[in-house]
Amino acid sequence: MDTRREDVGITIRSALLAKGTKKRFYLFSLTILSVIFIYLETIETKPLNYLRSFIKDTIYRGSVVVSAPPKAISNLTNYFISYINLKDSYNELKKENDLLKNNISKSDYLELENSQLRKLIQEQVESSSDFASARVMLDKQSPYNNSFIINIGSNKNIKNGMAVLNGENFIGRIVDVNFFSSRVLLVSDLNSKIPVLTEPSAYHSILSGHGPNKPTLEFLPENHSIQDGDKVYTSGKEGIFSPGIPIGETKIDNGVVKVLLFSDLSQVSFVNVKLNELNLDSEK
Amino acid sequence: MAFFYKQIKFRFFELLPIFLLFFISFNGNSVIDLRFFSINIHYILVYYWVLRQPNSMTYGFVFLSGIISDVVYGFPLGVNSLSLLAIAAAASYVRVVTVRITLLNDWISFIPALLIANFIYFLTLYFSDYSLSYLDLFKDSIFTVIFYPVLWGIFSLMLNFMRS
């Protein structure tokens, strides 16, 4: 029994450690280094943040360069596919155009009515929000993580927690800011929890991401009366996001309230980052 | 001239695993996400080359590629490098204890290596407060094992080129 144990010990040593004096403890020290890196991620200090920002920015730039050829091939393939489907999409667009023309007059009327009602309740209309526009630099979808990198960071006063919009629709928030880049955690990510409000049912709840599946509304009252098609907006309850940013509409599936997002997260190329008041003050 | 050409060819095939390693790290292809399943080619690549041609895949490169993957995917720095180093350590151990090179040997020994690596991966993300879909991780592990022979074949072909 002892001999066997010795054999295993010798094998492990020869496999992992004994590779000449230079490589001795190489694997072991790299493992320790990895653990130190993981530990350092939990520490927030200025020098460490600078170092992290520098490493991340450099790797993102490298990733953009390395991803360029596969992206070009993918774009070319998509171009040919869209060319083949040209006739179908033409017919579809024509139908859509007719529908939109019909809706324009209706929308004008609703806008007018909305402004009149706002005046009636004397709502203090918000001053036009400040946005910072950004381009999606890297969009690496993984089964475990739904996020992307945008090309602005602390150089444009971006801060953690800011709301990210596609057009006028909320799609995520900033979770990591570097000098020239930031990471956007999409609402579909498992780690994303956003306080929301449903309309017209007026329930406060938490929009929770589920990876490739649709996000759902959690912490709703048991006997809620949410119906298919109810609109979901940010509630502004945690004080970071402005209230009333549209997110999507509800769809009830086997008792679970799912949210169909207004924006297609796989097709986002440009985004607006909503700079909050705190940020504006610091700018002044 | 023929010698020079042979040297270039040799260097090319010798560096190919490293190119591949960094390409998939930078390009974020560590986990290929197909419609119903995903395969972790990063693990297979590291395991195969550390097992069969350790000179082409040193631990330092494995560590660096893990760090790059962490940044690209937005995980805390060190998570992927730790699990990749676990895979490399398991491969080193298997290299020492095995005598005959067969697909079956490699395949079976890959299973505990993958389990250890995924356990470390899960544990580090858990302690870093990152939610992870266990089902996705499980599916990813199953299909990575299933697809191992396919990549084993491709890498063996590369290795043969390198040795010829």
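Dipole magnitude for chain B: about 720 debye, using +1 per Lys or Arg Cβ and -1 per Asp or Glu Cβ, origin at the Cα centre. Think of region A:131-283 as having a plus end and a minus end, set by charges on the Cβ of Lys, Arg, Asp and Glu; of A:L197, A:N254, A:N169, A:N169 sits farthest toward the positive end of this dipole. For chain B, the longest principal axis of the C-alpha atoms and the axis of helix B:103-127 are separated by about 40°.
Separation of the alpha carbons by more than 23 angstrom is noted, of A:K56/A:K159; A:K140/A:K214; A:K156/A:K193; A:K159/A:K193, for A:K156/A:K193.
Give me the percent of Cα-Cα pairs in region A:131-283 that sit more than 26 Å apart, rounded to a whole number. So the pairs more than 26 Å apart make up 23 percent of the total in region A:131-283.
Taking springs between alpha-carbon atoms closer than 10 angstrom, which of B:F22, B:F75, B:F127 fluctuates most in the Gaussian network model of chain B? In the Gaussian network model the winner is B:F127. If you run the Gaussian network model on chain B, springs between alpha carbon atoms under 10 Å, then out of B:G66, B:G28, B:G153 the most flexible one is B:G153.
Can you check what the Kirkwood hydrodynamic radius comes to for the protein assembly as shown, Cα pairs only, in Å to one decimal?
On the way: mean 1/r = 0.0399 Å⁻¹.
Radius from the Kirkwood sum: 25.0 Å.
Report the Cα centroid-to-centroid distance between region B:76-145 and region A:67-121 in angstrom, as an integer. That distance is 45 Å.
A simple spin-label model places the labels of A:D108 and A:V64 4.3 nm from each other, with each point 7 Å out along Cα-to-Cβ.
Karplus-based coupling profile of region B:59-75, in residue order and whole Hz: 4, x, 5, 4, 4, 4, 5, x, 4, 4, 4, 4, 5, 5, 8, x, 8, with θ = phi - 60° in 6.51 cos²θ - 1.76 cosθ + 1.60 and x standing for Gly or Pro.
Bear in mind that the values in this text are calculations on the coordinates, not laboratory data. Remember, predicted model here, so these are calculated numbers, not experimental data. Cβ sites come from the backbone with ideal geometry, for glycine too, and all protein chains shown count toward neighbours.
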